[in-house]
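Engineer: My questions will all concern the structure given below.
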Amino acid sequence: MRILVTGAAGFIGSHFVRHILAHHTDDEVLNLDALTYAGNLANLADLPEEQARRYRFVKGDVTDDALVAQLVDQAEAVVHFAAQTHVDRSIDDPQAFMRTNLWGAQTLLEAARRAWSGRQDRRLVLVSTDEVYGALELDDPRRFDEDWPLAPRSPYSASKAAADHLALAYYHTYGLPVMITRSCNNYGPNQFPEKLIPLMILNALAGRELPLYGDGRHVRDWIHVSDNCRAHDLVLRGGAPGRVYNVGADSQRSNLEVVRLVLALVAERAGRPPQEMMGLIKHVNDRPGHDRRYALDTSRLVQELGFAPRVNFKDGLADTIGWYVDNPEWCRAVTSGAYREYYQKMYDGR
């Protein structure tokens, strides 16, 4: 296949490109990315020569009708990762999230409808989030399945839920062969350090305070990015059009647990007693509308497509810390002046 991957210079998108090129030697990948603050061509700069010949980068915006139509017309499949994803930023600037996440999805869906009319051999995977389901209480034993009513509670999750509804409308109205994935929190190498795990890793390695929202008891489901990419590959090749698939690894942990494990693993690398580093945790004022808990039922993905996660959370986290230690130039480049300004805006005064 020739696969158009949007947002493929970002964290998950770049890992997905590497997965496709490494595991499907006849596939070609087109990467459409606007190179906003989280898009980084360094994430794909070291592709092996044979893989690089099957990869092409196109700089552009997913809301550009003409460009998107041109690229979709060249593709047999689309995996749509491009999005504004950080809840904190959506609270600060919701309009940008609606533009990219909803209008970008509509642009892509319409281009596919026009280019693929009557072609059921085409595939479009719209990448969504578990946050569209809303929140669970800490003592609620239930998990979100794919039929759970959508109840988004942040501008980010609302924009993604709107795109989900639109994608399913295109399936039911036009027969567009679209599938939706709703993934839990990802972690792994080269994740932009506005997200919890890379932020805490870099601060711990530098001996800086680790800002933790509220009481730290908010629970998230975690999946290593390599497992997430395998799941999306399964959906791309074997998923049923019009179907939604939850993607997770059954790994629920509170934010406080995650931060303590980061500190313990960094202390182990440095040969220091873990308790010496626990004092770096700094509880700060919570963000508005902070959802208490997410938990996914992934039985559909397991039973229909045979997915099973391979990366244990502790091992994956240790490997992720090792990547940040081994790539100081990448870290310095992404934590430049603009990132420092954002960090101060988010955490100073909390």
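No value in this document is a laboratory result; all are computed from the given coordinates. Being a predicted model, the structure only gives us computed values, none of them experimental. With ideal geometry, Cβ positions are generated from the backbone for all residues, glycine too; neighbour counts draw on all protein chains shown.
Engineer: Ranked highest first by the average count of other Cβ atoms within 10 Å around their residues, in what order do 185-191, 132-138 fall?
Structural biologist: Going from most to least packed, we get 185-191, 132-138.
Engineer: Okay, next question. Å³ per residue of the Cα convex hull, for segment 1-80?
Structural biologist: Normalising the Cα hull of segment 1-80 by residue number yields 76 Å³.
Engineer: In nanometres, what is the gap between the two model label sites at residue 173 and residue 315, each 7 Å from Cα along Cα-to-Cβ?
Structural biologist: 4.7 nm
Engineer: Percent relative contact order of the chain, based on C-alpha pairs within less than 8 angstrom and at least six residues apart?
Structural biologist: 17 percent
Engineer: Then there is this: What's the extension gain from residue 338 to residue 24 if we count 0.36 nm per residue and subtract their Cα-Cα distance?
Structural biologist: 109.3 nm
Engineer: Roughly speaking, what is the stretch gain from residue 54 to residue 215, that is 0.36 nm per residue apart minus the C-alpha to C-alpha distance, in nm to one decimal?
Structural biologist: My answer for the length gained is 53.2 nm.
Engineer: For residue 185, enumerate residues with amide H under 5 Å from its amide H, sequence gap 5+ or separate chain, H modeled in the peptide plane.
Structural biologist: Sorted by chain and number, the residues that satisfy this are 221, 223.
Engineer: Angle check, please: helix 104-115 long axis (alpha carbons) against the longest principal axis of the chain (alpha carbons), in degrees 0 to 90, nearest 10.
Structural biologist: Roughly 20 degrees, rounded to the nearest 10.
Engineer: Could you give the alpha-carbon Rg of the chain over 2.2 N^0.38 Å, rounded to two decimals?
Structural biologist: In units of the 2.2 N^0.38 Å rule of thumb, it is 0.96.
Engineer: While we're here: Taking springs between alpha-carbon atoms closer than 10 angstrom, which of 14, 128, 254 fluctuates most in the Gaussian network model of the chain?
Structural biologist: 254
Engineer: Rg over Rh of segment 151-298, using C-alpha atoms and the Kirkwood radius, what does it come to?
Structural biologist: Radius of gyration over Kirkwood radius for segment 151-298 works out to 1.05.
Engineer: When ranked by the protection proxy of mean other Cβ atoms within 10 Å per residue, highest first, what sequence do the peptides 322-331, 233-242 form?
Structural biologist: 233-242, 322-331
Engineer: So, in Å, what gap is there between the alpha-carbon centers of segment 278-317 and segment 16-62?
Structural biologist: After rounding, the separation between the Cα centres reads 26 Å.
Engineer: D for segment 23-123, whole µm²/s, Stokes-Einstein with Kirkwood Rh over alpha-carbon pairs at 10 °C and 1.306 mPa s: what number?
Structural biologist: Estimated via Stokes-Einstein, D reaches 106 µm²/s.
Engineer: Starting from the amide H of residue 210, placed 1.01 Å from N in the peptide plane, find each other amide H under 5 Å away whose residue is 5 or more places distant or on another chain.
Structural biologist: Those qualifying (amide H under 5 Å, at least 5 residues apart or on another chain) are 281, 282.
Engineer: So, one more: Here is the link list: 59/345; 195/314; 160/314; 314/345. Which ones come out longer than 20 Å on Cα distance?
Structural biologist: 59/345; 160/314; 314/345, as the Cα separations exceed 20 Å there.
Engineer: On alpha carbon coordinates alone, what is the Rg over Rh value for segment 43-88, Rh being the Kirkwood radius?
Structural biologist: Over the Cα atoms of segment 43-88, Rg/Rh equals 1.03.
Engineer: Oh, and also: I need to check one value: relative contact order of segment 1-145, counting alpha carbon pairs closer than 8 Å and at least 6 residues apart, in percent.
Structural biologist: That works out to 25 percent.
Engineer: Another one. Can you give me the distance in nm between label points at residue 303 and residue 325, each placed 7 Å from the Cα along the Cα-to-Cβ direction?
Structural biologist: Modelled inter-label distance: 4.3 nm.
Engineer: If the label point is 7 Å along Cα→Cβ of residue 64, which residues in segment 1-35 have backbone nitrogen under 12 Å from it?
Structural biologist: Only 32-35 pass the distance filter.
Engineer: Using just the helices of the chain, give the 222 nm mean residue ellipticity in deg cm²/dmol: DSSP H runs with n ≥ 4 each add -39,500 (n - 2.57), and the total is spread over all residues, rounded to 500.
Structural biologist: -13000 deg cm²/dmol
Engineer: In whole Å, what is the distance between the alpha-carbon centres of segment 161-193 and segment 223-243?
Structural biologist: 11 Å
Engineer: Long-range amide H contacts for residue 55: which residues qualify at under 5 Å (H placed 1.01 Å from N, peptide plane, sequence gap of 5 or more or a different chain)?
Structural biologist: So residue 55 has HN proximity to 29.
Engineer: Compute the orientation-averaged projected area for segment 230-346 from the convex hull of its Cα atoms and round it to one decimal in nm².
Structural biologist: Taking the Cα atoms of segment 230-346, their convex hull projects to 10.6 nm² on average.
Engineer: Which FRET efficiency, nearest 0.05, do residue 96 and residue 74 yield, Cβ-Cβ r, R0 30 Å?
Structural biologist: Here the calculated transfer efficiency is 0.60.
Engineer: When the Kirkwood radius is taken over all Cα pairs of segment 111-199, what Stokes-Einstein diffusion coefficient follows at 10 °C and 1.306 mPa s, in µm²/s?
Structural biologist: 105 µm²/s
Engineer: Convert each backbone phi in segment 189-201 into a coupling constant with the Karplus relation 6.51 cos²θ - 1.76 cosθ + 1.60 (shift: θ = phi - 60°), then list the ³J(HN,Hα) values in order as whole Hz, x for Gly and Pro.
Structural biologist: Karplus-based 3J(HN,Hα) across segment 189-201 equals x, 6, 7, 4, x, 8, 7, 3, 5, x, 4, 5, 4 Hz.
Engineer: Okay, moving on. With axes computed from alpha carbons, what is the tilt in degrees of helix 313-326 against the longest principal axis of the chain, rounded to the nearest 10 within 0 to 90?
Structural biologist: Relative to the chain, helix 313-326 is tipped by roughly 80 degrees.
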